[in-house]
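The structure appears below as structure tokens.
The values are calculated or read from the model by the stated rules, or taken from the named source; none is laboratory data. Computed from a predicted model, the values in this text were never measured in an experiment. Methodologically, a virtual Cβ is constructed for each residue, glycine included, from the backbone with ideal geometry; neighbour enumeration extends over all protein chains shown. With ligands, DNA and RNA removed, areas are computed over all heavy atoms of the protein, side chains included. Shrake-Rupley method; radii C 1.70, N 1.55, O 1.52, S 1.80 Å.
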Amino acid sequence: MFVSGQASVDFSNSTFLSGTIEEETARTLDNIKAIVEASGTTMDDVIKCTVHLSDINDFKAFNEVYSRYFTGIKPARTTVQSALFAGIKIEIDAIVKLPKCKVNVYG
């Protein structure tokens, strides 16, 4: 499953929630976690993340929060500095390994 770029957004009203890099990272990863869990998987099934930081100097603070969300084998990750819209500090997309389908589509 491909989870498109997520940011620090309140899903209930689709507004960006700005804050420190730690706060925005936690909200972004909470959003990804909600999507991942809705698919019937866990954060342990995330195999790749691409992280866009508006300021690469925030990497250390971002990484401290990021590390708390992945307790098993860490997913492969690419982190780059990018010009992000709406003043957000971080955007993350993810690739998630889904379990094999056990449905017989041929009847």
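Looking only at residues in the range 81-90 that are closer than 15 Å to Ala26 by Cβ and open to solvent by less than 50 Å² (accessible area, probe 1.4 Å), which one is farthest from the chain's Cα centre (by Cα)? Explain how you work it out, then say what you get.
First pass over the range 81-90, keeping only residues closer than 15 Å to Ala26 by Cβ: 88-90.
After this cut, where a residue has to be open to solvent by less than 50 Å² (accessible area, probe 1.4 Å) as well, the list is 88, 90.
On the way: Ile88: 14, Ile90: 10 Å.
Going through the qualifying residues, I end up with Ile88.
Quick check on this structure: which one of Ala7, Ala34, Ala38 is under 15 Å from Leu84 (Cα atoms) and either within 12 Å of the chain's Cα centre (by Cα) or open to solvent by 40 Å² or more (accessible area, probe 1.4 Å) (or both)? Write out each step before concluding.
Values: Ala34 fails: under 15 Å from Leu84 (Cα atoms); Ala38 fails: under 15 Å from Leu84 (Cα atoms).
Only one candidate qualifies: Ala7.
Determine which single condition Thr79 fails, assuming it passes every other condition in (1) in contact with a His (Cβ under 9 Å, 6 or more places away or on another chain); (2) assigned to a helix (DSSP H, G or I); (3) of a type outside the set (Phe, Trp, Tyr).
(2)
Considering the range 86-107 alone, what residues qualify as being at pLDDT 90 or above and under 13 Å from Ser54 (Cβ atoms)?
Those that are at pLDDT 90 or above and under 13 Å from Ser54 (Cβ atoms): Gly87, Ile88, Lys89, Ile90, Glu91, Ile92.
So which residues in the range 38-49 are of a type in the set (D, E, K, R) and assigned to a helix (DSSP H, G or I), if there are any at all?
Selection gives Asp44, Asp45.
Looking only at the range 50-62, count every residue that is over 15 Å from Asp30 (Cα atoms) and in a helix (DSSP H, G or I) and tell me the total.
Residues meeting the conditions: 6.
When residues of the range 42-56 are filtered for being over 15 Å from Leu84 (Cα atoms) and more than 14 Å from the chain's Cα centre (by Cα), how many remain? Let's see the steps before the verdict.
Kept after step one, since they are over 15 Å from Leu84 (Cα atoms), are these residues of the range 42-56: 42-49.
So of that shortlist, the ones also more than 14 Å from the chain's Cα centre (by Cα) come out as none.
Matching residues across the range 42-56 total 0.
Which one of these is among the hydroxyl-bearing types (Ser, Thr, Tyr), touching a Ser or Thr at 6+ places or on another chain (Cβ under 7 Å), touching a residue at least 24 places away in the same chain (Cβ under 8 Å) and open to solvent by 50 Å² or more (accessible area, probe 1.4 Å): Thr20, Thr50, Thr78, Thr28?
Values: Thr20 fails: touching a Ser or Thr at 6+ places or on another chain (Cβ under 7 Å); Thr50 fails: open to solvent by 50 Å² or more (accessible area, probe 1.4 Å); Thr28 fails: open to solvent by 50 Å² or more (accessible area, probe 1.4 Å).
Answer to the selection: Thr78.
Quick check, is Thr25 under 11 Å from the mean Cα position of the chain (by Cα) and not in a strand (DSSP E or B)?
Details: under 11 Å from the mean Cα position of the chain (by Cα): yes; not in a strand (DSSP E or B): yes.
So Thr25 fits the description; yes.
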